[in-house]
Amino acid sequence: MTEYIAAIFLILGSLFCLIAALGVIRLPDTLTRMHAATKAGSLGAGLVALSHAVFFQDSGIFLRAVFIIALLLLTAPVAAHLIARASYRSGVPLSGRTKIDELKKK
Amino acid sequence: MIAAQGAFLHGAAQAAITILLAGMVLVLWRMVKGPTAADRVVAMDLLSVLVVAFLVTLSIHTGQATYLDVAIAFACIAFLGTIALARFIERASRPADENSASDNPQGQDRSQGGPYD
Amino acid sequence: MPLLMLNFFIAAVFTLLLGSTRISAFIVGFMLGYFILWVSSPLYPDTRYFKKLPKTLNLTAYFLTELLISNFRVAWDVITPGHISQPGIIGVPLKARTSLEIFLVSNLVSLTPGTLSVDLSEDDKILYVHVMFLEDVEQTRSQIIQGLERRILEVTR
């Protein structure tokens with residue numbers, strides 16, 4: 001039973017990773033690409049690690065998998081924030097669909 | 001170290017490895033093509049996350065728990081690399097230092113981007 | 001948070017007493033320890049541990065559901081041909097004051113529904129957020145303040 005749950009998590013996680021990669025290819029500008037890269041990427045890798053933890057319930061492996069998930073969820077937004085600020089300040093053009101830019105008014 | 005595992009999960013791990021490799025190829029394409037340096041750093045950040053997922057999948061596939069340690073170490077180092085590149089872009093784009101906000105960061109993408117340039 | 005440490009300690013002792021290395025034993029031990037501490041709560045008059053833990057769980061559950069929803073939405077935009085996204089950058093006035101609160105708010109904003117924190121104003125009072133599906137500016141702003149920041153402040157204060 002746990003094998004099937006783990007397999008579902010594994011496939012779902014790798015599909016989310018693929019969606020993140022597709023998003024980086026397809027979306028129009030740097031900031032929207034970053035949406036796909038941070039969220040779908042960390043969710044996908046987190047699901048893969050969760051699948052590992054679900055199948056091998058040994059506590060040493062479980063702790064390592066949980067540590068990987070915590071590390072991903074902690075580092076992904078920090079890195080995304082830094083890249084977003086750097087790209088905005090270096091004047092990367094926003095997509096033509098952008099509705100409003102309140103940061104520019106300052 | 002790890003108990004014998006079922007054939008179903010083994011097959012799923014193989015499928016997941018294929019999917020992750022396809023994702024890595026797509027990300028590498030964005031890294032080569034990316035119009036600005038920031039795009040390349042985003043691609044590299046995602047590539048490191050994909051490598052972590054790949055290592056964990058490999059650990060399921062082979063039954064070697066050691067790959068998890070490799071994944072942890074890689075995640076830490078990749079985070080530091082991303083931070084350093086982001087700070088570099090931000091500093092390179094300051095008006096005082098006008099030459100090439102987009103040329104130098106490419107030189108920094110050496111390990112993954114190199115063979116494809 | 002000495003009670004939290006005590007709770008973890010009880011869980012660890014329970015796991016060792018069972019002679020098990022499975023994680024389910026640890027979880028059962030944690031719940032047992034929480035129950036024991038709750039029964040003996042008159043002994044610790046001025047603790048807020050029993051109020052904070054349900055609120056932390058509430059925040060976690062909210063965060064996980066939002067994470068899933070936002071991912072399916074981004075995934076839908078990526079898979080289908082054509083773009084439905086309407087990106088925009090809005091400023092959100094923060095009530096969070098300490099650096100821990102600001103850290104939590106900006107990190108969770110980056111991980112939840114189509115929002116990404118871009119910059120913080122000089123006086124740490126306005127967080128600039130890039131939104132991917134911006135239909136209504138005021139509604140999105142109040143959603144971040146009411147939905148996310150309020151829950152975080154309930155935990156930290």
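The values are calculated or read from the model by the stated rules, or taken from the named source; none is laboratory data. Nothing here was measured: the structure is a model prediction, and the numbers come from that model. In this analysis, Cβ positions are derived from the backbone assuming ideal geometry, glycine residues included, and neighbour counts consider all displayed protein chains. To get the accessible areas, we keep the full protein, side chains included, count just its heavy atoms, and leave off ligands, DNA and RNA. Shrake-Rupley method; radii C 1.70, N 1.55, O 1.52, S 1.80 Å.
So the values come out like this:
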| quantity | calculated |
| --- | --- |
| Projected label distance in nm at C:Tyr44 and A:Leu63, using a 7 Å step from Cα toward the beta-carbon | 2.3 |
| P(r) weight above 40 Å for the protein assembly as shown, C-alpha pairs, percent | 19 |
| Listed residues B:Val25, B:Val32 arranged by accessible area, highest first, probe 1.4 Å | B:Val25, B:Val32 |
| Computed helical MRE - 222 nm, the protein assembly as shown, DSSP H runs ≥ 4 contributing -39500 (n - 2.57), nearest 500 | -23000 deg cm²/dmol |
| B:Phe74, B:Phe54, reordered so the largest accessible area comes first (probe 1.4 Å) | B:Phe74, B:Phe54 |
| Nearest 10 degrees, 0 to 90: helix C:2-18 Cα axis against chain C principal axis | 60 |
| In Å², nearest 10: area of A:Tyr4 left accessible to a 1.4 Å probe | 120 |
| Order of exposure, largest accessible area first, which applies to A:His52, B:His10 with probe 1.4 Å | B:His10, A:His52 |
| Chain A: radius of gyration over Cα atoms, expressed as a fraction of 2.2 N^0.38 Å | 1.34 |
| Computed over region B:1-87, the ratio Rg/Rh where both radii use C-alpha atoms and Rh is Kirkwood | 1.07 |
| Extension reserve of the B:Gln64-B:Val32 stretch, reckoned as 0.36 nm per residue once the Cα distance is removed | 8.2 nm |
| Alpha-carbon spread of chain C, three principal axes, descending order, Å | 58, 39, 22 |
| For region C:129-143, Karplus couplings with θ = phi - 60° (6.51, -1.76, 1.60), whole Hz, Gly/Pro x | 10, 8, 10, 8, 10, 9, 8, 9, 4, 5, 5, 5, 4, 6, 5 |
| Per-residue SASA entry for B:Trp29, accessible area with 1.4 Å probe, Å² rounded to 10 | 140 |
| Fraction of antiparallel bridges per DSSP, the protein assembly as shown only, in percent to nearest 5 | 85 |
| Angle between chain A longest axis and helix A:2-26 axis [Cα atoms, degrees, rounded to 10] | 20 |
| Accessible-area value, A:Arg64, 1.4 Å probe, nucleic acids and ligands omitted, Å² | 80 |
| Probe 1.4 Å, accessible area per residue of region C:49-156, Å² | 45 |
| Residue range of chain C that is longest and free of GluC sites (Glu not before Pro) which are both DSSP loop and sparsely packed (at most 10 other C-beta within 10 Å) | C:1-121 |
| Nonlocal amide H pairs with C:Leu120, under 5 Å, H built at 1.01 Å | C:Tyr128 |
| Where B meets A: accessible area buried, both sides, 1.4 Å probe, Å² | 4100 |
| Amide N proximity, region C:106-143 versus A:Ile100 label position 7 Å along Cα-to-Cβ, cut-off under 13 Å | C:129-143 |
| Principal-axis tilt of helix C:99-111 within chain C, Cα atoms, nearest 10 degrees | 60 |
